[in-house]
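Attaching a single structure in structure tokens format; questions to follow.
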Amino acid sequence: MQWTLAQLRTFSAVAELGTMTAAAGALGYTPGAVSQHMTALQRTVGVRLLAPTGRRVALTEAGVALLPRIRTLLAAEAQAAEAVAGGEPAGRLPVTVGVFGSASVVAIAPAKRLLEASDVELRAREVDVEAMQDAVSAGRIDVGIGIDYPSSPLAPQRGVRMRVLRTESFRIVRALAGEGRHEASRSSELASVDSAEAAWILPPGDSRFGRAVRFALAERSIAPRETHIVVDTAVTLALVGAGVGLGLATPTMLTLAPEPVESVPGTECGERRIVALTRSELDAQPGVVAAVDAFAEVLGDG
């Protein structure tokens, strides 16, 4: 088949973004060029890959079948280009790993040490944890270290496998008492974690993280006064440490705390799972297997 990499990239972008206009913007093409790429690709394969649905396009059955294979080809092409550009020594197995804040702090360096004697070269890429599964599915990364919440689970995606690496509970966290702290403020606002008057620092309610946190607090019959809405865990813990309000965190999340904070004993609520996400077609690839096993050893199988 005489397709081109440009056509395959365009098809992947259209499938991911849902419209030719959006794909054109992401790729730097005109909508007309995107349309031409899709027409040429469909002519090459001999079947329709896209079907209009209102203002968007949907994949046909043939398109659904072809998409994961195209993503594998694009991922292999990207790795080959990166290896050439970086002068990758012969025999090395580059594995691109998507990580988020606390995973990068806790797991990347120990996993790299475990793999030092192997042919595997870990290459970390920071990815929004809420989009980790999509990045794996799209072939932008080989392994995604992501988060799954029992109360707000990841929706299954065709061709994406998940392995649980660690399970941990949330705890309520507050500022650590000590020299230089505003004790009066702390005692009035943070003394009782169940107080309706306590200020809370929470992630947005429309995110999976935000929903999981609110479900966890509901387990303790806490209806939080949502004073501060913050996405970044490190920022949340900095505000908690400064005595601005209460938050929820797991032991792994606490590695990001720039200010001293304390977990309140006996306030375990809700769970999250640190997981490894891979595409099914890479499950037997030696580099991917070795990388996932290294992260499992570092984080501890849950």
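The values are calculated or read from the model by the stated rules, or taken from the named source; none is laboratory data. This structure is a prediction, so every number in the text was calculated from the model and none was measured. Here Cβ is always computed from backbone atoms with ideal geometry, including for glycine, and neighbour counts include all displayed protein chains. Quick note on the areas: whole protein, heavy atoms, side chains included, nothing else; ligands and nucleic acids left out. Shrake-Rupley method; radii C 1.70, N 1.55, O 1.52, S 1.80 Å.
A quick yes/no check of all residues on (1) modelled with pLDDT of 90 or more; (2) open to solvent by less than 80 Å² (accessible area, probe 1.4 Å); (3) among the aromatic types (Phe, Trp, Tyr):
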{"residue": "Glu189", "(1), (2), (3)": "no, yes, no"}
{"residue": "Ser195", "(1), (2), (3)": "no, yes, no"}
{"residue": "Pro203", "(1), (2), (3)": "yes, yes, no"}
{"residue": "Phe215", "(1), (2), (3)": "yes, no, yes"}
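Right, another one. List the number of the failed condition for Thr278; all other conditions in (1) under 30 Å from Pro68 (Cβ atoms); (2) hydroxyl-bearing (Ser, Thr, Tyr); (3) surrounded by fewer than 22 Cβ atoms within 10 Å (Cβ to Cβ) hold.
Failed condition: (3).
Only one residue in Arg55, Arg9 is charged (D, E, K, R), more than 27 Å from Leu282 (Cα to Cα) and not assigned by the TED database to the domain that holds Ile141, so which one is that? So that I can check it myself, show each step before the final result.
Values: Arg9 fails: more than 27 Å from Leu282 (Cα to Cα).
One residue alone meets the criteria, Arg55.
Report yes if Arg208 is on the phi < 0 side of the Ramachandran plot, basic (Lys, Arg) and surrounded by 20 or more Cβ atoms within 10 Å (Cβ to Cβ), otherwise no.
On the way: on the phi < 0 side of the Ramachandran plot: yes; basic (Lys, Arg): yes; surrounded by 20 or more Cβ atoms within 10 Å (Cβ to Cβ): no.
For Arg208, the condition - on the phi < 0 side of the Ramachandran plot, basic (Lys, Arg) and surrounded by 20 or more Cβ atoms within 10 Å (Cβ to Cβ) - is not met.
Return a yes/no flag: does the stretch 74-91 have any residue that is modelled with pLDDT of 75 or more and under 18 Å from the mean Cα position of the chain (by Cα).
no
Spot the failing condition for Thr227; the list is (1) within 30 Å of Gln157 (Cα to Cα); (2) assigned to a strand (DSSP E or B); (3) open to solvent by 30 Å² or more (accessible area, probe 1.4 Å), and only one is missed.
(1)
Still on this model: For the stretch 240-257, what are the residues that are more than 22 Å from the chain's Cα centre (by Cα) and either of a type in the set (Phe, Trp, Tyr) or open to solvent by 10 Å² or more (accessible area, probe 1.4 Å) (or both)?
Residues satisfying the conditions are Ala242, Gly243, Val244.
Val34: open to solvent by 50 Å² or more (accessible area, probe 1.4 Å), farther than 14 Å from Ala138 by Cβ and among the hydrophobic types (A, V, I, L, M, F, W, C), yes or no? Please lay out each step first, then the result.
Details: open to solvent by 50 Å² or more (accessible area, probe 1.4 Å): no; farther than 14 Å from Ala138 by Cβ: yes; among the hydrophobic types (A, V, I, L, M, F, W, C): yes.
For Val34, the condition - open to solvent by 50 Å² or more (accessible area, probe 1.4 Å), farther than 14 Å from Ala138 by Cβ and among the hydrophobic types (A, V, I, L, M, F, W, C) - is not met.
Further question: Give the residue that is farthest from Arg279 (Cα to Cα), with candidates limited to residues of the stretch 133-166 that are hydroxyl-bearing (Ser, Thr, Tyr) and at pLDDT below 95. Walk me through it before giving the result.
Filtering the stretch 133-166 for residues hydroxyl-bearing (Ser, Thr, Tyr) gives 137, 149, 151-152.
Imposing the further condition that a residue be at pLDDT below 95 reduces the set to 137, 151-152.
On the way: Ser137: 6, Ser151: 24, Ser152: 22 Å.
Per the criteria, the residue is Ser151.
Could you list, in sequence order, all residues of the stretch 205-239 that are within 18 Å of the chain's Cα centre (by Cα) and of a type in the set (S, T, N, Q)?
Scanning the stretch 205-239 gives Ser207, Thr233.
Also, quick follow-up: Step by step: first the residues of the stretch 249-286, then only those that are among the hydrophobic types (A, V, I, L, M, F, W, C) and assigned to a strand (DSSP E or B), then the one that is nearest to Ile222 (Cα to Cα). Which residue is that? So that I can check it myself, show each step before the final result.
Going through the stretch 249-286, the residues among the hydrophobic types (A, V, I, L, M, F, W, C) turn out to be 249, 253-254, 256-257, 261, 264, 269, 274-277, 282, 284.
Add one more test, that the residue is assigned to a strand (DSSP E or B), and what stays is 249, 261, 269, 274-277.
On the way: Ala249: 16, Val261: 20, Cys269: 11, Ile274: 25, Val275: 28, Ala276: 32, Leu277: 33 Å.
So, considering only residues that are among the hydrophobic types (A, V, I, L, M, F, W, C) and assigned to a strand (DSSP E or B), the one nearest to Ile222 (Cα to Cα) is Cys269.
Report yes if Glu271 is under 23 Å from Val105 (Cβ atoms), at pLDDT 90 or above, of a type in the set (Asp, Glu) and open to solvent by 40 Å² or more (accessible area, probe 1.4 Å), otherwise no. It would help to see each step written out before you state the result.
Working: under 23 Å from Val105 (Cβ atoms): yes; at pLDDT 90 or above: yes; of a type in the set (Asp, Glu): yes; open to solvent by 40 Å² or more (accessible area, probe 1.4 Å): yes.
Considered against the rule, which asks whether it is under 23 Å from Val105 (Cβ atoms), at pLDDT 90 or above, of a type in the set (Asp, Glu) and open to solvent by 40 Å² or more (accessible area, probe 1.4 Å), Glu271 comes out as yes.
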